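Engineer: Before anything else, here's the structure in question.
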Amino acid sequence: MSDGIDIKFVQERYQSMSDDDLVRVATQDAYGLTPEAIEVVKAEIQNRGLDDNFVKGVEAQNKTYSLEEVDIYCGIVSNLSCPSCGKRTERLNGTMISEVMSFILFTNYNKKIIVGCPYCLDKANDDALLKTALLGWWGIPWGIIRTPQAIRLNLKSKRTNHQQESNDYLRSFTLSVIGELETYKDNKEKLLEIVTRRNGL
């Protein structure tokens, strides 16, 4: 291989993986692989007789996308049922939830993009705002610093929850799961499972 890694070693590594591990690489962990490693993964998928869509998942993670192309994938996600309430009455979008919890000398600051219908996204932002407002301030010094940051971020995110077009949070989420979206784009049940898992539900 061009970076000095032994191609035989790489082949043996992927050959030793279980089908589940190889599928995970193909759909989630192929970003940034060298062209030679990509070819090894694709060859191993084909050697095992696995679905050709897994090859597409590998390729999808190593492409550069225009905004229009990203929005096509966003359309796949936005037409799913809401992973929180299960309804299909509203187009899905993304939001950033930001929470701070403090315990005197310890402050925990979490940020995460989630996907859902506008009303469930509003509720997630509101829950994060309430938790942060009640529990965020009590850490020294980070609670006092992080709490206003989290409150501002939740309020800013909430303003985009009802956009009719895909917002930047949904685009970011989509790019983070692009290999899985390409692999399972015709399987709505699997796509909903992916979104639910990523939301932490």
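Throughout, read-outs are computed from the coordinates displayed, never taken from laboratory work. Because the structure is a prediction, the values reported are computed rather than measured. Cβ atoms come from the backbone with ideal geometry, glycine included; neighbour counts cover every protein chain shown.
Engineer: In nm, give the distance between the simple-model label positions of residue 188 and residue 63, each being 7 Å from the Cα along the Cα-to-Cβ direction.
Structural biologist: 2.3 nm
Engineer: On to the next question. Which percent of the Cα-Cα distances in the stretch 136-201 go past 17 Å?
Structural biologist: Counting pairs separated by more than 17 Å, the tail of P(r) holds 60 percent.
Engineer: Take the Cα gyration tensor of the stretch 71-117, multiply each eigenvalue by 5, square-root it, and list the three semi-axes largest first, rounded to whole angstrom.
Structural biologist: Rounded to whole Å, the semi-axes are 31, 12, 6.
Engineer: Let's see if you can work this out: charge +1 on each Lys and Arg Cβ, -1 on each Asp and Glu Cβ, no other charges. What is the dipole magnitude of the chain about its Cα centre, in debye to the nearest 20?
Structural biologist: I would put it at about 1120 debye.
Engineer: Moving on. Quick one: of 42/87; 111/185; 123/185, which pairs are farther than 31 Å apart, Cα to Cα?
Structural biologist: Cα-Cα > 31 Å for 42/87; rest within.
Engineer: How big is Rg to Rh over the stretch 1-113, alpha-carbon atoms, Rh as the Kirkwood inverse-mean-distance radius?
Structural biologist: My calculation puts Rg/Rh at 1.12.
Engineer: Round to the nearest 0.05 the FRET efficiency obtained for residue 72 and residue 11 when R0 = 45 Å and r is the Cβ-Cβ distance.
Structural biologist: E(calc), rounded to 0.05, equals 0.85.
Engineer: What list of ³J(HN,Hα) values in whole Hz, one per residue of the stretch 134-147 in order, does the Karplus curve 6.51 cos²θ - 1.76 cosθ + 1.60 (θ = phi - 60°) give from phi, with Gly and Pro shown as x?
Structural biologist: Once rounded to whole Hz, the list reads 7, 10, x, 6, 7, x, 10, x, 6, x, 5, 7, 6, 4.
Engineer: Run the helix sum for the chain: -39,500 (n - 2.57) per DSSP H stretch of 4+ residues, divided by residue count, reported at 222 nm to the nearest 500 deg cm²/dmol.
Structural biologist: About -17500 deg cm²/dmol.
Engineer: Over the chain, with a Gaussian network built from C-alpha contacts below 10 Å, which listed residue (145, 114, 72) shows the highest mean-square fluctuation?
Structural biologist: Ranking 145, 114, 72 by mean-square fluctuation puts 145 first.
Engineer: Could I ask something else about it? Applying the Karplus parametrisation 6.51 cos²θ - 1.76 cosθ + 1.60 with θ = phi - 60° to the phi angles of the stretch 93-107, what ³J(HN,Hα) value in whole Hz is obtained for each residue in order, glycine and proline being reported as x?
Structural biologist: Result, rounded to whole Hz: 9, x, 8, 9, 9, 9, 10, 10, 10, 10, 9, 6, 9, 10, 10.
Engineer: What are the equivalent ellipsoid semi-axes of the stretch 87-194, built from the alpha-carbon gyration tensor (square roots of five times its eigenvalues), in whole angstrom, biggest first?
Structural biologist: Gyration-tensor ellipsoid for the stretch 87-194: 30, 15, 11 Å.
Engineer: To continue, here is another question. Can you give the angle from 0 to 90° between the axis of helix 188-199 and the longest principal axis of the chain, with both taken from C-alpha atoms, to the nearest 10?
Structural biologist: Taking the Cα atoms of the chain, the angle to 188-199 is about 50 degrees.
Engineer: Would you work out if the stretch 7-60 is rounded, prolate or oblate? Take a ≥ b ≥ c from the square roots of the eigenvalues of the alpha-carbon gyration tensor; rounded if a/c is under 1.5, else prolate when a/b is larger than b/c, oblate otherwise.
Structural biologist: rounded
Engineer: Treating each Cα of the chain as an identical point scatterer and ignoring solvent, apply the Debye formula and state log10 I(q)/I(0) at q = 0.10, 0.11 Å⁻¹.
Structural biologist: After summing over all Cα pairs, the log10 values are -0.54, -0.63.
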